[in-house]
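Student: Mind looking over this structure? Questions follow.
The values are calculated or read from the model by the stated rules, or taken from the named source; none is laboratory data. Treat the numbers as computed from the prediction; the structure is a model and nothing was measured. Cβ coordinates were reconstructed from backbone atoms using ideal geometry, including for glycine residues, and neighbour counts include every protein chain displayed.
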């Protein structure tokens, strides 16, 4: 690591996340003056221009890549037009013990005086919650599902290679061309398209203006800089900022800066879920690196330093804090930028290059919270690259995660995407499959499968509240075998899904009408040509996902009932229901019997695994292929991020022996501690699911460091990955850390500030996790050498 | 074996049943790559330090872990004879009983050690991890107990694995009649051969049997050039005296020389264009390596003593004969390794 990177890294790690009201105040100012005078797209683009023109510009000491979302590193913007924090929210953010954001009195004052008076009742969240149906609220509050769009704009946006070939001035020409093609004679949407396209053009100007202001600042700083070397750097930075993103980048440095301005533009315009990702970074930047190296403009070390600068920039942008009830919960600073390495070219060849290795080195050396990175492993990925990734994994920060590039492409082709587009795609956020730069793939929230089973075991009445939420599906004591119970579960599930979709579509339309994203729309293929916003079906491909949580807990619960109630008859349904309702009071022997002796998903045991397959079949039947109003198609995802802990808290005892309130299984992993036959059996179980039918699955595996020691340990890990992917696995991630270390970190968090662990699709600081999440990670079965 | 012989062997094998006390997937230390290890029950030796005492008896057994017992008495209720398995009040019929008592136990405090498996059932479990064997160069290891105690079943299982393209290893004390040892050994792709003592007297004292048949078998395997590794369980106070280690090192060197000669002869035959017919015969994975000079040289693995087996004795109500033995230090292990390395052997500490 160079001295420069050491210093920048330290500054980034040491900076305390803070809340900045600057964006909120500027936005309020603009809306107050212009709302009602412009079309919505032009209002949004005008606001974006206003922000780019007025926000504080920051260039830090020693930086080579420049630009921050807020006025300073880790100063986080808010988005009151979507969700308006209350003064109480801000005080909680400032004071909560974990993942807090420093909020100054001046910021609170600005909110009290300027922001809240304008936005309360006008923000999208306020408007939506005033209209949401009672049935939805009842399910939502009871913890049957979450809703992504009630807090943040639809996201999961990753770029393809377009921004490196086409500057924004050229994009504007395309936009003007598209405007000339509008059919004013016959197209009833002509005006909407024209306004949207005008907004896109204005958004280009805004991003160019933003870059120019950095050039101006850099020039001023260069003039005042006593150190000649730094002055020269600042002049080069100014030159780059005058060039990109207005024009296409000419070299590696310009390409990185062009990306970073596009990244900042999208996360300034809105607060989309999972921020923004460069997607296939090594694929797109490899040619710049190679040419610069050949022409003597750049050394490997310089490229690594520049890439490190980008890494640090991403780390400087913590996630925007939430509002309302969730403000009191700890969350994560992670905003889920997930850089894809390796993978396939459009033609289906191995896409890795020297930059893939450099990026892994950067990931390993910097050990930052953000960005996440993953290796897309195809059958054509060199063993050396996979092994290098395994080496980084063994160092224990939980990254890179590993994806099966062949399965990812196959899944997308199955969803109807062109093979070249599919191969150039990858996975963003945690594990979500998408066609980078060409697709709006929008997540609508998590759904709590085990709790829906409990609904079926209680005739549609929510046991916690005593309220009837679902249809009456009958007394479980009268069910004839597992099929009877399963039919009741399916009826409840269908009802929950329909209730959720109603509101998902409601919010989806609100975003299209009230919060279009013209800048993002410039970056994603299809929006200019169609004259439609990214949030309104403008992208080349449009997908909607619901993420289902607790597959392991659900499958184990069905398997336990099948084994003990229906097959052996050793436990009566009545006894089981009583035990569940009392959270196993006086029934510890029964609880342990079901925990230890029932078949469990994750042991390559068809008695449980076949149920997991059946559940996925049902989810596909109920949701897959359904149209969404934006012009998208629904698919299913099976990830939980941290929601399996929240859902667990909201869910009573389950028939697999789980106690009320305990975490549910995460992603498509087995229930915590249920996998007793080692990682190969787990992978075999997951290999049965037909994962390419989904938009993504997630497998967590934990290893003790001793199990992976030496070169053989690396080869063993690589072979496990190859084996799993040969079975159609989508994703696997590893925590390589021993329990003693985790316990020590709980006792003395101050000594373990930098202990990164894999949570669920991303890494986080262990000491920043709340106790429930910490315990959940410790409870995952740790594979040791048998 | 002739074609007709193999057909007959397969027909006979379908009938065979083995007694298995564990099948462990993704086992480390039992050969290369990702492996499944089958633990066959029953052993003619009684090594003082044995860490798998549940493998000693050739009969099924019950084990009881009082610390896991809830006191729910489900086992008593389940016992067809109304016995209390927790108090070791067991009847003669217990060994043959399918043990509903253990099945009823909610915490696995009570466990049945040893289950009879037909070859088809065994193979269903062994082929489960085939994708991982293929990805890693791994396979199946037969261990014990002493796997050669169930030689016919073992031989059938090795043949079945070979039919399915699964590479095999056997981990053995080599205490078996020579014709049985060699017949089984030829069916495996790798032999993991214990080397406990060179000295006959010490061997008898601490394992209960003579090492004469063992040494003869080791020499026969080396003389035939079969792929093997020697495994020395280093047990302080038992086999770590300088004189004993030196004797074992000399034996290991002798075996290595013999193995090299066999391989060289095989390579020479191949070079003369003769058929590389070996006693393993066509279809033998060993013979496919023959004559290419690429076969890895036999290694010596030093397996340091560990006391992880101690608890298993307590569960069975037995005293641990090697109680009080301490694991050798790193420095000691390196010193021992150097004795073998000094005689030209490739040594690995740990498996």
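Student: Which of the following residues is at pLDDT 95 or above, within 20 Å of residue A:456 (Cβ to Cβ), more than 14 Å from every other protein chain (Cβ to nearest Cβ) and within 29 Å of the chain's Cα centre (by Cα): A:652, A:695, A:625?
Tutor: Going through A:652, A:695, A:625 in turn, the sole match is A:652.
Student: On to the next question. Within the stretch A:74-97, can you find the residues that are part of a loop (DSSP other than H, G, I, E, B) and either out of contact with any helix residue (DSSP H, G or I) (no Cβ under 6 Å at 6 or more places or on another chain) or farther than 16 Å from residue A:263 by Cα (or both)?
Tutor: Across the stretch A:74-97, the qualifying residues are A:74, A:78, A:79, A:80, A:81, A:82, A:83, A:84, A:85, A:86, A:96, A:97.
Student: Could you tell me whether residue A:678 is under 22 Å from residue A:374 (Cβ atoms) and either free of Cβ contacts under 8 Å to residues at least 40 places away in the same chain or facing another protein chain (nearest Cβ under 10 Å) (or both)? Full working, then the answer.
Tutor: Working: under 22 Å from residue A:374 (Cβ atoms): no; either free of Cβ contacts under 8 Å to residues at least 40 places away in the same chain or facing another protein chain (nearest Cβ under 10 Å) (or both): yes.
Answer is no for this residue.
Student: Looking at (1) at pLDDT below 90; (2) surrounded by fewer than 16 Cβ atoms within 10 Å (Cβ to Cβ); (3) within 14 Å of chain A (Cβ to nearest Cβ), which is the one condition that is false for residue B:7?
Tutor: Single failed check for residue B:7: (3).
Student: With (1) outside any helix (DSSP H, G or I); (2) in contact with a helix residue (DSSP H, G or I) (Cβ under 6 Å, 6 or more places away or on another chain); (3) over 29 Å from residue A:221 (Cα atoms) as the list, and residue A:152 as the residue in question, which single condition is left unmet?
Tutor: (2)
Student: Anything in the stretch A:578-592 that is closer than 21 Å to residue B:73 by Cβ and either within 14 Å of chain B (Cβ to nearest Cβ) or touching a residue at least 60 places away in the same chain (Cβ under 8 Å) (or both)? List them, or say none.
Tutor: Hits for the stretch A:578-592 are A:579, A:584, A:586, A:587, A:588, A:589, A:590, A:591, A:592.
Student: Please work out which residue is surrounded by the fewest Cβ atoms within 10 Å (Cβ to Cβ), limiting yourself to the stretch A:4-33 and to residues that are free of Cβ contacts under 8 Å to residues at least 24 places away in the same chain and within 20 Å of residue A:369 (Cβ to Cβ).
Tutor: The residue in question is A:14.
Student: Then there's this: Could you figure out which of (1) within 27 Å of residue A:425 (Cβ to Cβ); (2) in a strand (DSSP E or B); (3) touching a helix residue (DSSP H, G or I) at 6+ places or on another chain (Cβ under 8 Å) isn't true of residue A:757?
Tutor: (1) is the only condition that residue A:757 fails.
Student: OK, next. Restricting to the stretch B:295-351, count the residues that are more than 20 Å from the chain's Cα centre (by Cα) and within 19 Å of residue B:246 (Cβ to Cβ).
Tutor: Matching residues across the stretch B:295-351 total 17.
Student: Let me ask you something else. Could you name every one of the helices (runs of 4 or more DSSP H) located completely within the stretch B:64-129 that has at least 1 residues being under 19 Å from residue A:592 (Cα atoms), touching a helix residue (DSSP H, G or I) at 6+ places or on another chain (Cβ under 7 Å) and within 14 Å of another protein chain (Cβ to nearest Cβ)?
Tutor: B:74-78, B:100-104
Student: On to the next question. Conditions: (1) within 14 Å of chain B (Cβ to nearest Cβ); (2) at positive phi. Residue A:661 meets all but one. Number of the miss?
Tutor: With respect to (1) within 14 Å of chain B (Cβ to nearest Cβ); (2) at positive phi, residue A:661 is out only on (1).
Student: Just to be sure before I move on: is residue A:351 in contact (Cβ under 8 Å) with a residue 12 or more places away in the chain and in contact with a strand residue (DSSP E or B) (Cβ under 6 Å, 6 or more places away or on another chain) in the structure I sent?
Tutor: yes
Student: Right, another one. Which one of these does residue A:770 not meet: (1) crowded, with 24+ Cβ neighbours inside 10 Å; (2) under 23 Å from the mean Cα position of the chain (by Cα); (3) within 25 Å of residue A:333 (Cβ to Cβ)?
Tutor: (1)
Student: Within the stretch B:259-278, take every residue that is surrounded by 15 or more Cβ atoms within 10 Å (Cβ to Cβ) and modelled with pLDDT under 75 and give me the one that is farthest from residue B:332 (Cα to Cα).
Tutor: B:276
Student: For the condition at pLDDT 95 or above and in contact with a strand residue (DSSP E or B) (Cβ under 8 Å, 6 or more places away or on another chain), what is the one hit in A:292, A:282, A:274?
Tutor: Numbers: A:292 fails: in contact with a strand residue (DSSP E or B) (Cβ under 8 Å, 6 or more places away or on another chain); A:274 fails: at pLDDT 95 or above.
The unique qualifying residue is A:282.
Student: Moving to a separate point now. Exactly one of (1) under 24 Å from residue A:302 (Cβ atoms); (2) surrounded by 24 or more Cβ atoms within 10 Å (Cβ to Cβ) is unmet by residue A:372. Its number?
Tutor: The single condition residue A:372 does not satisfy is (1).
Student: Follow-up. Just to be sure I understand, how many residues within the stretch A:594-608 are part of a helix (DSSP H, G or I), surrounded by fewer than 23 Cβ atoms within 10 Å (Cβ to Cβ) and facing chain B (nearest Cβ under 10 Å)? Walk me through it before giving the result.
Tutor: Of the residues in the stretch A:594-608, the ones part of a helix (DSSP H, G or I) are A:594-597, A:606-608.
If we keep only those that are surrounded by fewer than 23 Cβ atoms within 10 Å (Cβ to Cβ) as well, we get A:595-597, A:606-607.
Now drop any that are not facing chain B (nearest Cβ under 10 Å), which leaves A:595-597.
Adding up the residues that qualify gives 3.
Student: Would you mind listing the helices (runs of 4 or more DSSP H) fully within the stretch A:313-415 where at least 3 residues are more than 26 Å from residue A:691 (Cα to Cα) and at pLDDT 95 or above?
Tutor: Output list reads A:354-366, A:383-392.
Student: Which one of these is crowded, with 20+ Cβ neighbours inside 10 Å, in a helix (DSSP H, G or I), more than 13 Å from chain B (Cβ to nearest Cβ) and free of Cβ contacts under 8 Å to residues at least 60 places away in the same chain: A:616, A:611?
Tutor: A:611
Yes or no, residue by residue, for (1) within 18 Å of residue A:138 (Cα to Cα); (2) buried (at least 21 other Cβ atoms within 10 Å of the Cβ):
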{"residue": "A:483", "(1), (2)": "no, no"}
{"residue": "A:487", "(1), (2)": "no, no"}
{"residue": "A:503", "(1), (2)": "yes, yes"}
{"residue": "A:506", "(1), (2)": "yes, no"}
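Student: Looking only at the stretch A:217-264, which residues are surrounded by fewer than 16 Cβ atoms within 10 Å (Cβ to Cβ) and touching a residue at least 60 places away in the same chain (Cβ under 8 Å)?
Tutor: Scanning the stretch A:217-264 gives a single hit, A:230.
Student: Also: How many of the residues in the stretch A:412-424 are in contact with a helix residue (DSSP H, G or I) (Cβ under 6 Å, 6 or more places away or on another chain) and buried (at least 24 other Cβ atoms within 10 Å of the Cβ)?
Tutor: Result for the stretch A:412-424: 3.
Student: Let me ask something else about it. Give me the residue from the stretch A:563-577 that is exposed (fewer than 15 other Cβ atoms within 10 Å of the Cβ) and part of a helix (DSSP H, G or I) and, out of that set, farthest from the other protein chains (Cβ to nearest Cβ).
Tutor: Checking each candidate, the answer is A:574.
Student: Taking the stretch A:714-728 on its own, how many of its residues are more than 9 Å from chain B (Cβ to nearest Cβ) and surrounded by fewer than 24 Cβ atoms within 10 Å (Cβ to Cβ)?
Tutor: 2
Student: Let me ask something additional. Taking the stretch B:20-44 only, how many residues are crowded, with 21+ Cβ neighbours inside 10 Å and away from every other protein chain (no Cβ under 14 Å)?
Tutor: Summing the residues that are crowded, with 21+ Cβ neighbours inside 10 Å and away from every other protein chain (no Cβ under 14 Å) in the stretch B:20-44 gives 5.
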